[in-house]
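K.L.:
Quick one: structure below, then a few questions.
Values in this text are rule-based calculations from the coordinates and carry no lab data. The structure displayed is predicted, hence computed values, not measured ones. Backbone-built Cβ (ideal geometry, glycine too); neighbour counts: all protein chains shown.
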Amino acid sequence: MDLRTQINEKVQSGATRALRLEMPVRWGDMDALNHVNNTVYFRYMEEARMHYATTCGLTGAHAGRDIVLANVTCDFLRPIVWPATVLVDTRLIRVGRSSLECMIEISVQGEDGPSAKGTSIVVGIDPATGRSLPWTEAELEGMARVFLLAP
């Protein structure tokens, strides 16, 4: 069984962990209604996406590929206000041939439950051609190291 299949089977069995990113809410993130503007939630997700991409070895000077965002969703559950620290938890949902689907939860440190939930799909591409590029064994190993529970 190939590594991609093994990862997806472990994801289906629940043997995963979230990668957490902490970020301060900036006063400038607020809008006229005195809560974090809806567009900023997508920035929080973007920061988390780049965090897992670099941690897994999918981007960077030696990656040999780019990743592009194919889809992103966000369900806004409750407002976030300044001052606060947001916790962005990213969990793996599925690894495709050249795609990666994750679930994201944004919560406020010290509060119960998420403020927003969403999903994202990224696709690894060849920077020279712009075409999708299958994940390498090393990249799959990076995903397993970051998102899967130790056996």
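K.L.:
In whole Å, how far is the Cα centre of region 85-151 from that of region 56-79?
P.N.:
Computed from Cα coordinates, the inter-centre distance equals 7 Å.
K.L.:
Scaled to the compact-protein estimate 2.2 N^0.38 Å, what is the alpha-carbon radius of gyration of region 3-147, rounded to two decimal places? Walk me through the numbers before you get to the answer.
P.N.:
On the way: Rg = 16.0 Å, N = 145, 2.2 N^0.38 = 14.6 Å.
My calculation over the Cα atoms of region 3-147 gives 1.09.
K.L.:
So, one more: Enumerate the calculated ³J(HN,Hα) couplings along region 10-20 in order (Karplus 6.51 cos²θ - 1.76 cosθ + 1.60, θ = phi - 60°), each rounded to whole Hz, writing x wherever the residue is Gly or Pro.
P.N.:
Whole-Hz 3J(HN,Hα) from phi for region 10-20: 5, 4, 4, 7, x, 7, 10, 9, 8, 9, 9.
K.L.:
Still on this structure, please answer the following. Could you list C74, C56 so that the one with the fewest beta carbons within 10 Å of its beta carbon is first and the one with the most is last?
P.N.:
Details: C74 18, C56 24.
Ranked by crowding around the Cβ, least crowded first: C74, C56.
K.L.:
Select from N34, C56, V72 the residue farthest towards the positive end of the dipole of region 3-147; place +1 on Cβ of Lys and Arg, -1 on Cβ of Asp and Glu, and compute about the Cα centre.
P.N.:
Final value for the positive-end residue is C56.
K.L.:
Write down, largest first, the equivalent ellipsoid semi-axes of region 101-151 in whole Å, where each equals the square root of 5 times an eigenvalue of the alpha-carbon gyration tensor.
P.N.:
Numbers: eigenvalues 173, 60, 10 Å².
Each semi-axis is √(5λ); the values are 29, 17, 7 Å.
K.L.:
Hey, what number do you get for the chain at 222 nm if only DSSP H runs of n ≥ 4 count, each worth -39500 (n - 2.57), divided across all residues, to the nearest 500?
P.N.:
Values: 3 runs with 41 residues, N = 151.
Value at 222 nm, helices only, nearest 500: -8500 deg cm²/dmol.
K.L.:
Using label points projected 7 Å from each Cα along Cα→Cβ, tell me how many nm separate N38 and S132, to one decimal.
P.N.:
Distance between the two pseudo-spin positions: 2.9 nm.
K.L.:
For the chain, give the magnitude of the charge dipole about the Cα centre (Cβ charges: +1 Lys/Arg, -1 Asp/Glu; no others), in debye to the nearest 20.
P.N.:
Numbers: 15 positive and 18 negative charges, 40 e Å.
My answer is approximately 180 debye.
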